[in-house]
Every structure is written in structure tokens, then in C-alpha cells.
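Notes follow once the structure below has been shown.
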Amino acid sequence: MKALCLLFKMAITLFAIFIIAACGSTGNQATEPADANKALAAQKTEKNDGKRDDKKQILNYVKADKDYIALVAKFKREEGSSLDFDAIVRIYPLTSNYSPYANVEQAQKLLAFESMEQQNWEACLTATSLILEENYTSLTGHYGAMICHSERGQSDLSQYHNVMLDGFMDAIWRSGDGKTPATAFYITSTNDLYAFVQLNGLMATSQSLVYYEQRPIDAIQVENPQTMQESTWYFDVTAQFRRGIFDDIESRQ
């Protein structure tokens, strides 16, 4: 009802403008309604822009993006420390570019490994570049780039991505020991979770979700293919769950 009243008042206002313009000069008839329409359009645009800004108030994307970009630049200058590796994996899930489902990374990962099988190193590097452009903390991205640069005889670039891969692997090891839900490894994507398992020479055989102090924890059953010994590794997947909730809230604003 309020909306109908508002529309009725707006209609009366516009009608009054039209009558006044009709009593004036021909020039006024052409310009005043147009000016009014422009003003209304400007107000609507400003309102929509305000809504878009409101959607980004749950997290400070501007600051997170800035911090993330600065750390990536530092790594590319080969100046990153262990503290920087620890910091960027915590910052990345807070950026505007983060996707809890990592759809781009998942698609490009499949292309990268398919290219490796075909020994198409150029296509492999294209795929890994897209992964790292989306997520510079990706274990899969750096692993693929390391292998494909090596196969192309680009030892310096291969070594760089090897250092980056080791740095991010070590950051996960520093986050916990993975033996209990209380000491779970911190992880930012499902892709990295399984890459971490595989890069440690193990196979994931099953997965279940548990909670520890209201935090979602993936319990991954792993097996050593050499000894057939089984154990359970725990991964804190709070970053993915939290961002999924925030994205859903923002999409409904």
C-alpha cells in the first residue's frame, strides 16, 4: 500500500511538472521533464551503487585485496618469508576474488594434468597460470608450473615454483599437526586439501565432516600406498564454510 501511495504521489508530481512546462515556453517543455528524468535516473544509479557497496560490508575486501596483492608481489620479487606464507593463506579467503568452491581452479587443474599426460607443456603452463592468477596460494598451480617449466628446460622458473610450493606446504604444516580436530591443518580449498595429501605421498580413501568447538573439520582417511598403513588427518575448513555463508548473505541484500 505504501508503495502504491508513493507511486501515486510521484505520478501527481510528474503531472504537475508537465502542466507547468506546458504553460511556459516551448524550450521549457523540452528541457524540464528531461532534467527531471535525468535527476531520477541519477538517484536510482546512486541508490544501486549504494546497495552494491552494502553487499561488501561484511568483510573489508578493499584492505584484504590490497594486502594480498602486496604479498604476491613480494613473492614474485623472491622476498617472501615464512611469516608471509602464513599470512597470505589467511588473507586470501578474505579477498573479493576468493571462491569457496574454487570452480576456476578445479577446471584448470583438470586441463593442466591432461596436458601433462599429452606432454603439451605450453597448454599446461597456460592452465597453471590461470590457476595462480585466481589463487596464488594454490598447491596445484605451483606444482603444475614447476613440472611444466622443468619439462620445457626453464630451470629457473621451475625452481621458483618449487620454492613457492615448499613454502605453502610448510605453512600448512605450521598450522597444526592434523592428528586431532583440535590440531587440524588449516586449509583454504578442497583442491589444496587433496593436493597436500598426495604431495605427502599418501592417498585419501574416505572423508567425513565433524565439528570441533563449532568449527567444521574434514576428517580424511589416508593410506600409505607403500606400507598400506591407514590414519586420519584432520583439516580445518572454516574458511570455506564462513565465506559460503557470507556470500549467501550478501547475495540476498
Dipole axis of the range 61-247 (+1 Lys, Arg; -1 Asp, Glu on Cβ), positive-most option in Thr180, Ser115, Tyr160: Thr180
Phi-based couplings in Hz for the range 224-232 (Karplus 6.51, -1.76, 1.60; Gly and Pro marked x): 7, x, 7, 9, 6, 6, 10, 7, 10
Extension gain (nm, one decimal) between Lys66 and Ala123, 0.36 nm per residue minus Cα-Cα: 17.5 nm
By how many nm would the segment from Asp177 to Ser96 lengthen if fully extended, with 0.36 nm per residue of separation less the alpha-carbon distance? 26.2 nm
Kindly write out, for the range 182-196 in residue order, the coupling ³J(HN,Hα) from the Karplus curve 6.51 cos²θ - 1.76 cosθ + 1.60 (θ = phi - 60°), rounded to whole Hz, with x marking Gly and Pro. 6, 10, 5, 5, 8, 9, 10, 7, 5, 4, 5, 4, 6, 5, 4
Relative contact order for the range 61-247: what is it in percent, counting Cα pairs under 8 Å that are at least 6 residues apart? 17 percent
Take every Cα-Cα pair in the range 120-199 and report what % of them are more than 22 Å apart. 26 percent
How high is the relative contact order of the range 129-175, in percent, counting Cα pairs under 8 Å that sit 6 or more residues apart? 32 percent
What is the range 61-247 by shape, rounded, prolate or oblate, if you read a ≥ b ≥ c off the alpha carbon gyration tensor as root eigenvalues and call it rounded for a/c under 1.5, prolate for a/b larger than b/c, and oblate otherwise? oblate
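Values quoted throughout were computed directly from the atomic coordinates according to the rules given, and no laboratory measurement underlies them. Being a predicted model, the structure only gives us computed values, none of them experimental. Note: ideal-geometry Cβ built from the backbone for every residue, glycine included; neighbour counts use all protein chains shown.
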